[in-house]
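Colleague: Sharing a structure here in structure tokens format.
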Amino acid sequence: MPVQVQGEVLSIRRVGAYFAMTVVAPGMAELTRPGHFVAVQVGGPESSMLLRRAFAIYDVKERGVYGGTVEFIFSVHGKGTAWLARRRPQDKLDLVGPLGKPFRLPAERVTATLVGGGYGSAPLLPLASLLRERGCRVDFVLGAGDQHRLFGQLDAKRIATSIEVTTDDGSSGRRGRVSDVLPELLDRTQSDVVYACGPMAMLRAVTEICSSRGIPCQVAVEESMACGIGVCMTCVLPVIGDDGKTRMLRSCVEGPVFLGDRVRWSDVGTIPEDVVGSITAQAGH
Amino acid sequence: MTELTVRKTEAAFTRPDVDLTTQLGSVTFPNPVFTASGCAAAGQELDQFFDVSQLGGIVTKSIMLAPRSGRATPRMAETPSGMLNSIGLQGPGIDAFLDKDLAWLAQRGARAVVSIAGGSVEDYAKLAAKLRGAKGLAMIEVNISCPNVEDRGQVFACDPGASAAVVQAVKRSAPTGVPVFAKLSPDVTDITEIAKACVDAGADGLSLINTLLGLVIDTDTMRPALGGITGGLSGPAIRPVAVRAVWQVRQALPDIPILGMGGIRTGLDALEFVLAGANAVSVGTTVFGDPRAPIRVLDELAVALAERGFSSVAEAVGLAHRPPEIRLPEGPDPVGDTLGDPAHDDEEQL
């Protein structure tokens, strides 16, 4: 169950191309699991930006000198995130969280490969720690456009058995995409499960690689959201259910974590004809 | 722990002693603040943030006869003080809605205002008939601002005849004793003409307003931002349009109950609607940014009414229409004397 909290910025720091923001948000940390996200009000109480910005939760501390804190990573995309980047310690920030369904953890000691694109690695790092605590082997693949857009390399190195890095421009690690190195890594480590978070195209590629090897993968999707709590119906994508039927599911409450092979990647952004309730060329709002 | 964090503020605040009950048709609601259709699903999600039974009513997302998947994404674009949406009435269909959503609201003790939407007059009649005997149903809101296949892609609410036909069909098959409100579109030349047609057809009240048709172009892709191309504009950006619609309809139809909505963010915004002639208000888009907004608006409205010396919300309904020669006294409690508010008199004696 999420809480709405008037938080206070504890710290904001630059991490490569991104910002890491820690907010004192009592009551939120103890409820948070890896994969949960937080929805942040931007622009202040008189803001002309009505919609919250959603970010995966990176780190939480249940207790501390300042009470419970949550930390999230963001990059400046527009006016809302630019405003957020200008916050300073002690500024007030209205947060709702934790939101969404977190990553499901394996019941047994397995070998897990975690694949993060850009700052999509943020929720994977606490997940990795949790998996290690449970005796799992963890290997990382981190990819980004360039070295400044990689996130969490040092953390990942500390936690994981191995780490592979790719960048589109070759400025760090191997030149290319995570999907270039993933097949070989999965075969080498005999990975039992894969967890991924990053851009939709990457998640699709990771899912295809896993499916061809029969490896279950959980992906945390990035869909644009208005409310983050399940009432606005904007963040839907076509997902196949246990009954084999496809429904337009809300990534904020039924996700953001989905089983990769249940998402109809080629149909994202459309209403497939065989979706429950589909009407071709329907209109209306 | 969760409960405490959320509920603590509610307990700390004592709402001023103002009679907030409001009459919509044959039903008296405990207070005049509702959710808005399409902005609260069926109440369950918001109940995590406040007790939804504390609101006047929960207006549920427009429900159709069959399950509906809605329009393609992207479905949302943020605009200055507003947003554009093209959801396309995604929903589970009336049967699943009755079994799950309405049953939950009834069990929760909330008053459900069920919004219905159809593609034809017959759809609406069937939907209304399905609501007979439904527990928890307090009112029906007829969303006639959705596109209509029988009327060549036009919106029912853009045509007085089509609007009247839907209202009449709903009234005929709806359960007796349940008020039927028609929700109108502001995208018309004269909203009072549509309002009158609905009332003549038997509408017990009017919901004003639905979203305005809008379009946003993404300057990066150089294409419309929404998958559905056009969408409905909502949020504080449309508030003056909504207040104008309420004002005009109140003037044209002095006795018809009005549920006003369009960009309400604060108690003062709600008061604007009430003064323009709304008997109750819906808080919609603001919920996306602030899930506790409806209950906060209710608290703020109560304070705003008390500060102005009102002892009930009913006294304030339509007060902005009073003739200019009636001057209200200046001061911190401006309307107290005019309304003979005892609280105000007490203050004078002190």
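Colleague: Is it the case, given these coordinates, that residue A:124 is under 30 Å from residue A:207 (Cα atoms) and either away from every other protein chain (no Cβ under 14 Å) or over 20 Å from the mean Cα position of the chain (by Cα) (or both)?
Modeller: Numbers: under 30 Å from residue A:207 (Cα atoms): yes; either away from every other protein chain (no Cβ under 14 Å) or over 20 Å from the mean Cα position of the chain (by Cα) (or both): yes.
Yes; evaluated as a whole, the condition is true for this residue.
Colleague: Has region A:9-17 got any residue that is touching a residue at least 12 places away in the same chain (Cβ under 8 Å) and touching a helix residue (DSSP H, G or I) at 6+ places or on another chain (Cβ under 7 Å)?
Modeller: Yes, because at least one residue in region A:9-17 is touching a residue at least 12 places away in the same chain (Cβ under 8 Å) and touching a helix residue (DSSP H, G or I) at 6+ places or on another chain (Cβ under 7 Å).
Colleague: In region A:3-16, is there at least one residue being within 14 Å of chain B (Cβ to nearest Cβ) and under 21 Å from residue A:127 (Cβ atoms)? I'd like the intermediate steps shown before the answer.
Modeller: Kept after step one, since they are within 14 Å of chain B (Cβ to nearest Cβ), are these residues of region A:3-16: A:3-7.
If we keep only those that are under 21 Å from residue A:127 (Cβ atoms) as well, we get none.
Checked against the condition, which is being within 14 Å of chain B (Cβ to nearest Cβ) and under 21 Å from residue A:127 (Cβ atoms), region A:3-16 yields no hits at all.
Colleague: Restricting attention to strands (runs of 3 or more DSSP E) lying wholly within region B:27-99, give those where 1 or more residues are charged (D, E, K, R).
Modeller: Hits in region B:27-99: B:76-79.
Colleague: Only one of A:144, A:122, A:82 is under 22 Å from residue A:251 (Cα atoms) and modelled with pLDDT of 95 or more. Can you tell me which?
Modeller: Values: A:144 fails: under 22 Å from residue A:251 (Cα atoms); A:82 fails: under 22 Å from residue A:251 (Cα atoms).
Within the list A:144, A:122, A:82, the selection yields A:122.
Colleague: Okay, moving on. Suppose we keep only residues that are within 12 Å of chain A (Cβ to nearest Cβ) and crowded, with 16+ Cβ neighbours inside 10 Å within region B:208-224. Which one would you say is farthest from residue B:192 (Cα to Cα)?
Modeller: B:214
Colleague: When only residues in region A:56-69 that are without any contact (Cβ under 8 Å) to a residue 60 or more places away in the chain and buried (at least 20 other Cβ atoms within 10 Å of the Cβ) count, which is farthest from residue B:77 (Cα to Cα)?
Modeller: A:68
Colleague: Also: Looking only at residues that are at pLDDT below 95 and out of contact with any helix residue (DSSP H, G or I) (no Cβ under 8 Å at 6 or more places or on another chain) in region B:7-32, which one is farthest from the other protein chains (Cβ to nearest Cβ)?
Modeller: Once the filter is applied, the top-ranked residue is B:14.
Colleague: Go through the residues of region A:260-273 one by one and say whether even a single one is of a type in the set (Gly, Ala, Ser) and either more than 18 Å from the chain's Cα centre (by Cα) or surrounded by fewer than 18 Cβ atoms within 10 Å (Cβ to Cβ) (or both).
Modeller: Looking through region A:260-273, at least one residue is of a type in the set (Gly, Ala, Ser) and either more than 18 Å from the chain's Cα centre (by Cα) or surrounded by fewer than 18 Cβ atoms within 10 Å (Cβ to Cβ) (or both).
Colleague: Could we say that residue A:107 is among the hydrophobic types (A, V, I, L, M, F, W, C) and part of a loop (DSSP other than H, G, I, E, B) here?
Modeller: yes
Colleague: Turning to a different aspect of this structure: Looking at A:166, A:81, can you tell me which residue is more than 14 Å from chain B (Cβ to nearest Cβ) and surrounded by fewer than 23 Cβ atoms within 10 Å (Cβ to Cβ)?
Modeller: A:166
Colleague: Filter region B:54-70 down to the residues that are farther than 24 Å from residue B:283 by Cβ and either touching a Pro at 6+ places or on another chain (Cβ under 7 Å) or within 7 Å of chain A (Cβ to nearest Cβ) (or both), then identify the one that is surrounded by the most Cβ atoms within 10 Å (Cβ to Cβ).
Modeller: This residue is B:68.
The values are calculated or read from the model by the stated rules, or taken from the named source; none is laboratory data. Treat the numbers as computed from the prediction; the structure is a model and nothing was measured. Note that each Cβ is placed from the backbone with ideal geometry, even for glycine, and that neighbours are counted across all protein chains shown.
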